[in-house]
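Engineer: Quick one: this structure, given as structure tokens, is what I'll be asking you about.
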Amino acid sequence: MAMLFLTKQPQQEDSMGISEVLAQLLQEYLQPEQVVQCLQDGDVPANLRVTLAHELRRSLSASAAYIPSRLVRAQLIEPVPGRIRGAFWQGSLLFADLSGFTALSQTLSVLGKQGSEEVSAIINQLFDALVAQVTLYQGMLLKFGGDALTAFFDTETLGPGHAAAATCAALAMQRCMVDMFATLETRAGTFRLGLRVGVHSGKVFAAEVGDLSHIELVITGAEVNRVAMAQEIAAPGEVVITTQTADLLQQPQLELREDGFWHITSLPDPDLPNPAPDPMLLHRETDLATLERLALRVMALRPYLVRGLPRRFFLSSVTEIGEFRPVTVLFVNFYNFSYLLELVGDAPDLAALVLNAYYQRAQTVVHRYDGIVNKVDMYTHGDKLMILFGAPSAHEDDPLRSVHCALELKSMVTEANVEIVSLLGYSWTSAVDPTDSGYRPPLLQRSGINTGAVFAGRVGGAQRYEYTVMGPAVNLSARLMSAAQDGMVLLSPDTRIAVEHQIVVEQHEPLKLKGLTELVLPACALQVMDEMSTASPSTRTGGDRADTDRLEPALLVGRETEFDRLVAEGIDALRGSGRVLALIGEAGIGKTRLSEEVTTRLFEATLGLDDDEALPHFFIYSSECQSYEQITPYFATRAPLHHLLRLNRLSPRTLQQATSLVSEIEERVNQLSPHMLRFAPLLTDILGIPWDETPAHQFIKHGPTPRPSARIDC
């Protein structure tokens, strides 16, 4: 991959020049020599403006297809990339859940590519038909999560008719299901699909949270939990509305289902205002100022997209983009935010900061392990994160990454709660007594993880898409989350098998989960195994004759050249001429076996009878690096140094806060290598611990400080 590094030349005061935002996008759409020329001239030539404007508008439209229209409109009017904010939306929520699709996708998955193509076609037709009803009644699609759909009918655009519009859309969706999707004929047989829909009216909290790497829209609060309950109460083919919605309707046909919830069978169509103009209908000018505005809008919409989504998912000409692939799905249920929202009162921006204290930390952890937050969705109790490892990009150790992520999220909540208490201030301390035996922190969470084959891909219709996953493996992960206790990380049997040699687990009692006929035997993930217990070989001392039995060599066939080279280099290192050796090869080719043989030979050399030939005794410090640590600087050397400096007894969290360890580390360095003591502060980045910079440290890292010029007036 070629990379172009550009430096903008200073522009004359009468020249507008090219902004950094537009300069960044020029590199995506123009040739390198064209980009250089544009930046040197401070302008885009007329012959390139038409092409560039077309590409920017196409990128805008492709991005907007994945984002709720209200957010698109706001960013087109006032583009601010990475904006964090909150607002209370007044209107009606519609939540629809599809039943029967799990069985359909599971059966078609055995047909391979043909099965994935048929699933893509069915789900896209279904999605397009259902969203068409939402659009007809001027609703806004918020999320399409696998086999669930969430839409909002806004008072700002519909006025007092929002409840009738949402309810009529729900009834129209049910008619659509009967006419088109109740019975589906496929290659694998006939399947029946059903839809359960809930509608609730009130004030919901909408927050845009995250950071520039990804912004997520979170619709949450007690009102959101009510619509989830309405959907749970509905049977397939039914629409259930709350009393708050029923009170806003004219001439509804209702049947009481439960206290506060009604089954509605018919409702006259409401008179709706004219729909708002399409926010994507932009002017077609190609002047530099227009290009700058288009570029800023493109950059403002990008954070809302699924992180790392391949370019092919933005091509409208490509249809039915989906496949069956192994994915590890992590569901995290975090709760009590509705109570925090009550404490905040009428301060939506503060509420967004409170929510982001949790979400931004969670997202950072997920991205560290190269997963994605596919969506934050409603739940009957709190909210849930749907986190994917293996889609849209895969790693060989995705199950392990997901469990590492879940365990780190578990400890992250404590930090988030500290910031939340600080943000809430008196509102929290006046409402909660931390000394009370029943005290609960602001936010709690629980998790469920499962690994299996899922359908993953772009689903949608003509104007709106979502990237999502669906299938039995996804559902099992969600069921495990629901069964977990506070703070628990429950693993499915498949995920447990994949990680049991790296993660300490504890068997959980068998569970009878919704939608499954057989009992599930999950396990609780407790912690990452001690590094030295999984590394090979562990720390040991050369020269101890009692260890000879454990180091009995096996026959090594071949690799004589590599073996002799490694032994020779090791001998030179032990005699005082330091070495760094890299043994590189494909998985399973024998790197571990060869390194163990070399270690054995070096160990035997310390037992030589002739003192002139014997090597000095030595320690072996080993560590194991996972693929997700490739973005962590110095990680390969960090663990051995922790052992060498006797820091391995401390947890990573303790190390990050252990400024008091500096003197202990300096004493250990002085014991091992006194002449290197003055360079000890340079260990701060390698060890991952805080360390105050000394003047010598600053000089080594940053170079000499320029002397200020002196002037003498005579």
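Engineer: Could you work out the Kirkwood radius for the chain, taking every pair of different alpha carbons, averaging 1/r and inverting it, reported in Å? Mind dumping the intermediate values first?
Structural biologist: Values: mean 1/r = 0.0338 Å⁻¹.
One over the average 1/r among Cα pairs gives 29.6 Å for the chain.
Engineer: Another one. Given 0.36 nm per residue, what is the gain on full extension from Ala614 to Thr632 after removing their alpha carbon distance, in nm?
Structural biologist: Details: separation 18, 0.36 × 18 = 6.48 nm, distance 3.84 nm.
Working it through step by step, the gained length comes to 2.6 nm.
Engineer: Here is a further query. Per the Kirkwood definition applied to all pairs of different Cα atoms, how many angstroms is the hydrodynamic radius of the stretch 333-417? Intermediate results must be reported in sequence, preceding the final value.
Structural biologist: Values: mean 1/r = 0.0724 Å⁻¹.
In the stretch 333-417 this quantity evaluates to 13.8 Å.
Engineer: Just to verify a number: what accessible area does Glu419 come out at with the full protein assembly present, 1.4 Å probe, Å² rounded to tens?
Structural biologist: Approximately 70 Å² of Glu419 is accessible to the 1.4 Å probe.
Engineer: Residue separation times 0.36 nm, minus the C-alpha to C-alpha distance between Glu396 and Ala132: what's the value?
Structural biologist: Working: separation 264, 0.36 × 264 = 95.04 nm, distance 3.96 nm.
Result: 91.1 nm gained on full extension.
Engineer: Only Cα pairs under 8 Å and at least 6 apart count here; give the relative contact order of the chain as a rounded whole percent. Can you show the working numbers first?
Structural biologist: Numbers: 1182 pairs, mean separation 82.9, N = 714.
About 12 percent, as a whole number.
Engineer: In addition: Enter the per residue convex hull volume of the stretch 146-210, computed from alpha-carbon coordinates, in Å³ rounded to the nearest integer. Don't skip to the answer; put the middle values down first.
Structural biologist: Numbers: hull volume 8.1 nm³, N = 65.
Hull volume over Cα atoms, normalised by residue count, gives 125 Å³.
Engineer: What distance in nm separates the simple spin-label points at Ser19 and Arg187, each placed 7 Å from Cα in the Cβ direction?
Structural biologist: If labels sit at Ser19 and Arg187, their model points lie 4.9 nm apart.
Engineer: Determine the dipole magnitude for the stretch 408-512: charges of +1 sit on the beta-carbon of Lys and Arg, -1 on that of Asp and Glu, nothing else is charged, the reference point is the Cα centre, and the result goes in debye to the nearest 20. Kindly include the intermediate steps, with their values, before the conclusion.
Structural biologist: Details: 8 positive and 11 negative charges, 104 e Å.
Using Cβ point charges on Lys, Arg, Asp and Glu, the stretch 408-512 gives about 500 debye.
Engineer: Compute the long axis of helix 472-483 from its Cα atoms, compare it with the longest principal axis of the Cα atoms of the chain, and write down the angle in degrees, 0 to 90, nearest 10.
Structural biologist: Orientation of helix 472-483: about 80 degrees from the principal axis.
Engineer: Ok, one more. Kirkwood Rh over alpha-carbon pairs of the stretch 384-432, then Stokes-Einstein at 10 °C and 1.306 mPa s: what D in µm² s⁻¹, rounded to an integer?
Structural biologist: Details: Rh = 13.2 Å.
Approximately 120 µm²/s, per Stokes-Einstein.
Engineer: To the nearest 20 debye, what charge dipole does the stretch 191-303 have about its Cα centre, counting +1 at the Cβ of each Lys and Arg and -1 at the Cβ of each Asp and Glu?
Structural biologist: On the way: 9 positive and 16 negative charges, 50 e Å.
Dipole about the Cα centre, nearest 20: 240 debye.
Engineer: I would also like to ask the following. Given points 7 Å out from each Cα along the Cα-Cβ axis, report the Glu509 to Glu33 separation in nanometres with one decimal.
Structural biologist: 7.5 nm
Engineer: Could you give the size of the charge dipole of the chain about its Cα centre, using +1 on the Cβ of each K and R and -1 on the Cβ of each D and E, expressed in debye and rounded to the nearest 20?
Structural biologist: Details: 58 positive and 85 negative charges, 177 e Å.
In debye, rounded to 20, the chain gives about 840.
Engineer: Name the long-range amide H neighbours of Asn374: under 5 Å, sequence gap of 5 or more, or other chain; modelled H, no Pro or chain starts.
Structural biologist: Under 5 Å from the amide H of Asn374: Met386, Ile387, Leu388.
Engineer: Rank Leu256, Leu56, Leu184 by accessible area, highest first, at a 1.4 Å probe radius? The partial results should precede the final answer.
Structural biologist: Values: Leu256 110, Leu56 0, Leu184 25 Å².
Sorted by accessible area, descending: Leu256, Leu184, Leu56.
Engineer: Okay, next question. Along the charge dipole of the chain, which of Ala587, Leu267, Leu315 sits closest to the positive end, that is, farthest toward it, with unit charges on the beta carbon of Lys, Arg, Asp and Glu (+1, +1, -1, -1)?
Structural biologist: Checking the options against the dipole of the chain, the answer is Leu267.
Engineer: Still on this structure, I have one more. Leaving ligands, DNA and RNA out of it, report the carbon-plus-sulfur percent of the accessible area of the stretch 107-210 at a 1.4 Å probe.
Structural biologist: Of the solvent-accessible surface of the stretch 107-210, carbon and sulfur hold 53 percent.
Engineer: Any chance you could look up the accessible area of Met488 with a 1.4 Å probe, heavy atoms only, rounded to 10 Å²?
Structural biologist: Its heavy atoms expose roughly 40 Å² to the probe.
Engineer: Calculate what fraction, in whole %, of the accessible area of the stretch 214-352 sits on carbon and sulfur atoms when a 1.4 Å probe is rolled over the protein chains. Could you put the intermediate results ahead of the total?
Structural biologist: Values: 3350 of 6630 Å².
Roughly 51 percent of what the probe reaches on the stretch 214-352 is carbon or sulfur.
Engineer: Just to be sure I understand the model, the point goes 7 Å from the Cα along the line to the Cβ. What's the resulting Leu526 to Asp564 distance in nm?
Structural biologist: For Leu526 paired with Asp564, the spin-label model returns 5.0 nm.
Engineer: Now a separate question. State the dimensionless ratio Rg/Rh of the stretch 401-479 (Rg: radius of gyration of Cα atoms; Rh: Kirkwood radius).
Structural biologist: Working: Rg = 19.0 Å, Rh = 16.2 Å.
When Rh is taken as the Kirkwood radius, the ratio is 1.17.
Engineer: Quick one: how many Å² of Cys625 are accessible to a 1.4 Å probe, rounded to 10?
Structural biologist: Counting only protein heavy atoms, the figure is 70 Å².
Engineer: Per residue, how much accessible area does the chain have with a 1.4 Å probe, in Å²?
Structural biologist: Values: 35420 Å² over 714 residues.
Heavy-atom SASA per residue in the chain reads 50 Å².
Engineer: Output the relative contact order of the stretch 283-405, whole-number percent, from Cα pairs under 8 angstrom with separation of 6+ residues.
Structural biologist: Numbers: 106 pairs, mean separation 37.3, N = 123.
Here the relative contact order equals 30 percent.
Engineer: In addition: Scan the chain and report its longest stretch carrying no trypsin sites (Lys or Arg not before Pro) that are both in a DSSP loop and have at most 12 other Cβ atoms within 10 Å. Show your work: numbers first, answer last.
Structural biologist: Details: sites that count: Arg187, Arg284, Lys512, Lys514, Arg550, Arg575, Arg579, Arg646, Arg649, Arg711.
It runs 285-511.
Engineer: Using only the Cα atoms of the stretch 224-362, what semi-axes does the equivalent ellipsoid have when each is the square root of 5 times a gyration tensor eigenvalue? Give whole Å, largest first. Write out the running numbers ahead of the final one.
Structural biologist: On the way: eigenvalues 269, 128, 99 Å².
Its equivalent ellipsoid spans semi-axes of 37, 25, 22 Å.
Engineer: Of the options Tyr621, Ala680, Met173, report the single residue whose Cα projects farthest towards the positive end of the charge dipole of the chain (beta-carbon charges: Lys, Arg +1; Asp, Glu -1).
Structural biologist: Met173
Engineer: Quick check: Cα centre of the stretch 399-427 to Cα centre of the stretch 42-102, how many Å?
Structural biologist: Cα centroid of the stretch 399-427 versus Cα centroid of the stretch 42-102: 30 Å apart.
Engineer: In addition: What are the ³J(HN,Hα) values, in whole Hz, obtained from phi via the Karplus relation 6.51 cos²θ - 1.76 cosθ + 1.60 with θ = phi - 60°, for each residue of the stretch 668-682 in sequence order, with x given for Gly and Pro?
Structural biologist: Residue by residue, the stretch 668-682 yields 5, 4, 4, 5, 7, 8, x, 5, 9, 4, 5, 9, 4, x, 5 Hz.
Engineer: Thr265 to Ser437: FRET efficiency via 1/(1 + (r/R0)^6), r the Cβ-Cβ distance, R0 51 Å, to the nearest 0.05? If you can, show how the numbers build up before the last one.
Structural biologist: Working: r = 50 Å, r/R0 = 0.97.
According to the calculation, E is roughly 0.55.
Engineer: Moving on to the next point. For the stretch 475-514, which whole percent of the accessible surface, found with a 1.4 angstrom probe, sits on carbon and sulfur atoms? Intermediate results must be reported in sequence, preceding the final value.
Structural biologist: On the way: 960 of 1930 Å².
Accessible surface attributable to carbon and sulfur in the stretch 475-514 totals 50 percent.
Engineer: Could you tell me the convex hull volume per residue, in Å³, taken over the Cα atoms of the stretch 360-460?
Structural biologist: Numbers: hull volume 14.2 nm³, N = 101.
So the per-residue Cα hull volume is 141 Å³.
Engineer: A further question on this structure: With a 1.4 Å probe and all protein chains kept in place, how do Glu323, Glu33, Glu258 rank by accessible area, largest first?
Structural biologist: Working: Glu323 70, Glu33 120, Glu258 100 Å².
Ranking Glu323, Glu33, Glu258 by accessible area, largest first, yields Glu33, Glu258, Glu323.
The values are calculated or read from the model by the stated rules, or taken from the named source; none is laboratory data. Bear in mind the structure is a predicted one, so any value in this text is a computation, not a measurement. Glycine gets a Cβ as well: all are built from the backbone with ideal geometry, and neighbour counts include every protein chain shown. For accessibility, only protein heavy atoms count, side chains too; no ligands or nucleic acids. Shrake-Rupley method; radii C 1.70, N 1.55, O 1.52, S 1.80 Å.
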